[in-house]
């Protein structure tokens, strides 16, 4: 049992004890005098509110917390390389390696690797996609060289054909005279 779980259980037990004392005070349970006899049915009805309060606390607070803790532990045990996780410290990264209770994650653009404990994982954001690696074809070096030579021999296709202009086909432009417009003086 981890320290966090122990603290949570201790908090709930302390809260239950306080509620039990409160229930005893509100139920009007009194200690009988020395000469009086306490009936068996009377003591059972005195503790009935206490039993009900404990049962309500168990089903409302303790049991859901135990289920949540179980789910989180199961999630942390199912971490595998390639998963994207967020730590309780706020780091987000991809799991590179899992070894017992130690997880190595890769964070940042410079791909820094951090070793963290499994209990430090807050949530798994996305599982890694399963990719199948293509089997490499076993080509010899000579075959690869032949393919490269064939690619170099083929002419490269241009996106637009380039027109080469012949200087004799280009019409000469007439020179433009810089003259002022004629003004009629009358």
Are any of the residues in the stretch 59-69 at pLDDT 80 or above and more than 30 Å from residue 101 (Cα to Cα)? yes
Scanning the stretch 46-80 residue by residue, those under 19 Å from the mean Cα position of the chain (by Cα) and surrounded by 14 or more Cβ atoms within 10 Å (Cβ to Cβ) turn out to be 69, 72, 73, 75, 76, 79
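The values are calculated or read from the model by the stated rules, or taken from the named source; none is laboratory data. Just so it is clear, the model here is predicted, and its values are computed rather than measured. With ideal geometry, Cβ positions are generated from the backbone for all residues, glycine too; neighbour counts draw on all protein chains shown.
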